[in-house]
1. For labels at TYR150 and VAL106 in the simple 7 Å Cα→Cβ model, what's the distance in nm?
2. Working out 0.36 nm times the residue gap between ASP93 and VAL163, then minus their Cα-Cα distance, what length gain in nm do you get to one decimal?
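Read-outs throughout are calculated quantities, based only on the coordinates presented, and are distinct from any laboratory measurement. What you are looking at is a predicted structure, and each value in this text was computed from that prediction instead of being measured. All Cβ positions, glycine included, derive from the backbone under ideal geometry; neighbour counts span all protein chains shown.
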Amino acid sequence: MRTYISVVNDKAEKIIAGLDIAETVENKINSFSNAELEKLLMALMKKELKQEYIFNKVPTNLLWNSISTPDGLEQWFCDEASVDGDTYTFKWDDEEAQAVLKQSRVGVYMRFHWADDDDPKSSFELRISVDELTRDVILTVTETLDEEEYNDALELWDLQVSVLKTKYGV
């Protein structure tokens, strides 16, 4: 009987602790402004797209130039590209977008944040790696985006990267 009471007491304490946590979370949420709640909800609705594209034996320095320079980007990613400090401006037909370079490592990756995106955690990254077994060069595209944009973004990246692959005869 004593063991049973101990188990019940332990479970009751866990339930009470859970209620305390839930109450704390509820109080914290209630303290947010509408703008803060909107940002929180937007962040929760983000989804990560991560796609690997194999470039066989394309030299990494050539692929790096294609993802890091305006001339290289214009060959597959956009119609026009320019760089001013850490701000990249991309143009497609009559559209223009700016992205801020957040992190990079020469020859390896570039991580950008779209200038018009209010979520500071959203980004897109172009990363080059080499498969240890096959020695294939891999371009990995990673983008954090709204869930409803996922399929369109994947289709767009596939299309854009296919243009780049064609350039290298892959």
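1. Roughly 3.8 nm, to one decimal.
2. Net length gain for the segment: 23.5 nm.
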